[in-house]
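K.L.:
Dropping the structure in here first, questions after.
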Amino acid sequence: MSGAETEGVTKFYLDFRQAPPVEARLIAPLNVWRTVLRRLDLISQDARRYGGVGFGNVSLRTPAAALRASTSLFVVSGTQTGALERLTAWHYCRVLDYDLSSNSLTAEGPVPPSSESLTHAAVYRAAPWVQCVIHVHSPEIWRCAEALGLPVVDARITYGTPAMANAVGALVRRGTRNALLAMGGHEDGIVAYGAAPDETALNLIRWFARALEMSAAESPPKDGDCR
Ligand SMILES: [Zn+2]
């Protein structure tokens with residue numbers, strides 16, 4: 001895999017309006033895992049990585065009735081929140097509508113949505129059983145993805161495009177095992193998805209452990225690179 005895309009740049013057409021936050025209890029089951037992933041540096045901001053732009057975002061499909069905005073499709077963390085140790089409801093927004101073919105998204109909340117919200121949308125659209133999507137950056141899983149047997153989105157597909165959303169959706173629909181995939185053209189990019197936040201995050205952490213183990217087992221050791 002090769003290639004790197006600029007992180008944090010919103011490439012979709014965004015129709016956003018300021019609105020009150022969702023209720024804290026709605027995002028609590030997701031937000032606590034987001035804090036764990038932040039501590040593991042799978043979500044973060046680092047001056048030495050990706051030009052210092054924050055990375056990692058989380059979302060939760062929400063039953064419309066449970067939200068103030070009755071048309072809400074999912075709740076996603078806001079853009080450039082990677083550096084924050086903890087998020088509150090004020091760091092999340094509601095995605096009200098999206099169109100993958102035109103790369104457009106409508107959202108409302110205290111902050112604009114993550115720049116990778118359309119990738120989340122593609123997963124939700126592809127699989128009705130998915131309730132949670134987590135996007136992290138892990139050099140270890142990404143480099144070892146093929147060796148681990150994880151599905152990898154073709155590196156020639158540019159991140160943040162309808163083609164990427166379609167490719168992600170196709171892999172999810174195909175019932176890829178392990179509910180984890182690597183984004184070949186998006187350096188270190190991993191997408192995890194599942195039926196609940198805890199199982200999605202735990203599965204991701206399990207694969208993180210396997211990747212660390214595989215990196216360590218490589219001989220001769222060369223900076224954790226599986227290739
Ligand atoms: Zn990313």
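K.L.:
Binning at 5 angstrom from zero up to the longest distance, how are the C-alpha pair distances of segment 13-217 distributed in percent?
P.N.:
The calculated distribution, bin by bin, is 1, 8, 17, 21, 22, 17, 9, 3, 1, 0, 0.
K.L.:
What does the charge dipole of segment 84-190 about its Cα centre add up to, to the nearest 20 debye, if the Cβ of each Lys and Arg holds +1 and the Cβ of each Asp and Glu holds -1?
P.N.:
Dipole of segment 84-190, to the nearest 20 debye: 320 debye.
K.L.:
Output the direction-averaged projected area (hull surface divided by four) of the convex hull of the alpha-carbon atoms of segment 88-174, in nm².
P.N.:
The number I arrive at for segment 88-174 is 6.6 nm².
K.L.:
Kindly provide the GluC sites (Glu not before Pro) of segment 28-124 that DSSP labels as loop, not H, G, I, E or B, and whose Cβ sees at most 16 other Cβ atoms within 10 Å.
P.N.:
For GluC sites (Glu not before Pro) across segment 28-124 that sit outside H, G, I, E and B with at most 16 neighbouring Cβ atoms in 10 Å, the list reads 85.
K.L.:
Only Lys, Arg, Asp and Glu count, each charged at its Cβ (+1, +1, -1, -1), so figure out the dipole size of the chain about its Cα centre, rounded to 20 debye.
P.N.:
400 debye
K.L.:
Label residue 209 and residue 129 with points 7 Å out from Cα along Cα→Cβ: what is the distance between them in nm?
P.N.:
Inter-label distance under the simple model: 2.3 nm.
K.L.:
Taking R0 as 35 Å, what's the FRET efficiency between residue 99 and residue 156 from their Cβ-Cβ distance, rounded to 0.05?
P.N.:
With R0 = 35 Å, the Cβ-Cβ based efficiency is 0.90.
K.L.:
A follow-up question, please. Based on DSSP H runs of at least 4 residues, each adding -39500 (n - 2.57), what is the mean residue ellipticity at 222 nm of the chain after dividing by all its residues, to the nearest 500 deg cm²/dmol?
P.N.:
Computed ellipticity for the chain at 222 nm equals -10000 deg cm²/dmol.
K.L.:
Right, here's the next one. Just to be sure I understand the rule: take each whole DSSP H helix in the chain, project its Cα atoms onto its long axis, keep it if the span is 15 Å or more and its mean Kyte-Doolittle hydropathy is at least -0.5. Which ones pass?
P.N.:
Helices passing the filter in the chain: 24-39, 162-173, 197-217.
K.L.:
Just the number, please: percent antiparallel of the DSSP beta bridges in the chain, rounded to the nearest 5.
P.N.:
Within the chain, antiparallel bridges account for around 75 percent of the total.
K.L.:
Estimate the FRET efficiency between residue 15 and residue 176 by the formula 1/(1 + (r/R0)^6), using the beta-carbon distance for r and 30 Å for R0, to the nearest 0.05.
P.N.:
Calculated value: 0.45.
K.L.:
Sticking with this one: In what sequence do 59, 138 fall when counting other Cβ within 10 Å, fewest first?
P.N.:
Neighbour counts put them in this order, fewest first: 138, 59.
Every number in this text was worked out from the coordinates using simple rules, so none of it is lab data. In this text, all values refer to a predicted model and were calculated from it rather than measured experimentally. When we count neighbours, we look across all protein chains shown, and the Cβ atoms used for this are built from the backbone with ideal geometry, even at glycine.
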